[in-house]
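A short write-up of the structure that comes next.
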């Protein structure tokens, strides 16, 4: 099980790189590719998705690229995980593609996982691009 997808990882790395530049500065995909050693074809798609979700502004044409719209302190890891991976839910147990029949009977494992999920959400919500830059 991969907890953090490749897209989420690339998004975090790109946003940290962009956050290290002045807010108004436009950063090109080529700059990020070279400095962070990320594959260009994936990165372009990731940055476009981040622009569509309001994290970045996309600037076309000569001198174009991307710039941060939101502050690094307001971009949480959970926001990025949800953008690229969907809502995280540890209690979605599946059995051969169907919902587990124990869900309706009060599964003990599900209760434990729900508690762990709440604790994990609380910790992950504290991780922002700004906090990652400090480490």
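The values are calculated or read from the model by the stated rules, or taken from the named source; none is laboratory data. A quick note: this is a predicted structure, and the numbers were derived from the prediction, not measured. Positions of Cβ are backbone-derived with ideal geometry, glycine not excepted, and every protein chain shown enters the neighbour counts.
When you check residue 58 against the structure, is it surrounded by fewer than 14 Cβ atoms within 10 Å (Cβ to Cβ) and either at positive phi or touching a helix residue (DSSP H, G or I) at 6+ places or on another chain (Cβ under 9 Å) (or both), yes or no? Considered against the rule, which asks whether it is surrounded by fewer than 14 Cβ atoms within 10 Å (Cβ to Cβ) and either at positive phi or touching a helix residue (DSSP H, G or I) at 6+ places or on another chain (Cβ under 9 Å) (or both), residue 58 comes out as no. Reported count of residues in segment 48-61, each being under 13 Å from the mean Cα position of the chain (by Cα) and without any contact (Cβ under 8 Å) to a residue 12 or more places away in the chain, is 0. The lone criterion from (1) under 20 Å from residue 128 (Cβ atoms); (2) loosely packed, with under 14 Cβ neighbours inside 10 Å left unmet by residue 16 is number (2). Checked against (1) at pLDDT 95 or above; (2) surrounded by fewer than 14 Cβ atoms within 10 Å (Cβ to Cβ), residue 22 meets all criteria but (1).
When the helices (runs of 4 or more DSSP H) confined to segment 62-135 are screened for residues that are at pLDDT 90 or above and over 14 Å from the mean Cα position of the chain (by Cα), those reaching at least 1 such residues are found at 108-125, 129-134.
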